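A short write-up of the structure that comes next.
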Amino acid sequence: MSTSPPPKHPSFARIAGSLISIGLLAYLVYRQGWAEFAQAMKRLPLSAFLLALGLVLCSRLCVALRWYVLLRGANARVGFGQVVKLVFIGLFSSNFLPSTVGGDLVRLAGAVALRIDPGMSAASLLVDRLVGMAGMALLLPAGLGVVLKAGAAGGAGISMAAGWLPGLQAWAAKARQKLLAFLRSLLSSSVYWLKHPASLGWALLCTFGHQLFTYLIISTLLAGMGSPLPLWVIGGLWSFSYFVSLAPFSINGLGLQEVSIAYLYSHFGGAPMETGLALAVLLRLVFLFASLPGAAFLPGLSALKRAGSRQES
């Protein structure tokens, strides 16, 4: 009889946090005006939305390549196509099945089905996540620079940011402590890959590719709505939003990520509030659409298991 633990369900606090975040987002749209919000959405050409979809698929392929590089660096016998399928299945699970199955858990189950050592599979997923966070953390100083510059510039909307500066300084001190702890965790989790640094280096390059495509998605959407921003500003503000969405206050960052995106790109990026709100909603839609191929691959987990059996024999 199987003794595997039952799937984890989100806590009441995370459900409440998601509902509060979504409610806040709806309130911001209401306060800004539904007509203005709808107008900002309508300004985006269909071609720009389709281009954003293509870019997000490219970014996901970079994520798959990153995990593939780490697995191959650990001498795992796995094909790139199999890794791509597992990544999209994980994305679909994270976006549409957040209450029962985590995306990393699904990827781990798929890797084990391919007869990859369970311990190595789990370690590769951890290193994959940590390398992704490391790449994103490199742009945090750029994001902080945008916020501080906005605070120094003054103005009605920016004066609020200036009031945040003492809090930001305290946050920076805490962030430094967390960064050191993160680096120690990365070091301990990467023992095998540190002996094979080439795979870690290639994985970091894949992360940079994933980030670049993500920034190009945001740039495409903002430019399509008539509010272009420099790519480095987009990247810096996205790094802030990324780490905010990791806070365990909502399910899969639902609502929390959208509110942070709308606020950051409007108050610090200079985009109109209705454009920031439209960007937040459009990004969620683009990411959801891009994860839909995972639904087609989901029934193939059993086929992956058979493929793993053939590779083992």
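The values are calculated or read from the model by the stated rules, or taken from the named source; none is laboratory data. Quantities reported herein were computed from a predicted structural model and do not represent experimental measurements. Quick reminder, even Gly has a Cβ in these numbers, built from the backbone with ideal geometry, and neighbours come from all protein chains shown.
As a summary of the residue check, residue 75 satisfies the conditions (1) under 26 Å from residue 284 (Cα atoms); (2) without any contact (Cβ under 8 Å) to a residue 40 or more places away in the chain except for the one numbered (1).
Can you pull out the residues in region 17-69 that are among the basic types (Lys, Arg) and either at pLDDT 70 or above or in contact with a Leu (Cβ under 7 Å, 6 or more places away or on another chain) (or both)? I'd like the intermediate steps shown before the answer.
At the first step, the residues of region 17-69 found to be among the basic types (Lys, Arg) are 31, 42-43, 60, 66.
Residues satisfying the conditions are 42, 43, 60, 66.
Residue 273 fulfils the conditions (1) at pLDDT 75 or above; (2) surrounded by 23 or more Cβ atoms within 10 Å (Cβ to Cβ) except for a single criterion, (2).
Confirm whether residue 153 is modelled with pLDDT under 80 and under 21 Å from residue 267 (Cβ atoms). So residue 153 passes the test.
Specify the residue that is modelled with the highest pLDDT; the eligible residues are those in region 192-208 that are in a helix (DSSP H, G or I) and more than 15 Å from residue 129 (Cα to Cα).
Our first condition is that a residue be in a helix (DSSP H, G or I); within region 192-208, this holds for 192-194, 197-208.
Applying the additional criterion that residues be more than 15 Å from residue 129 (Cα to Cα) yields 192, 194, 197-198.
On the way: 192: 72, 194: 72, 197: 78, 198: 84.
Top of the filtered list is 198.
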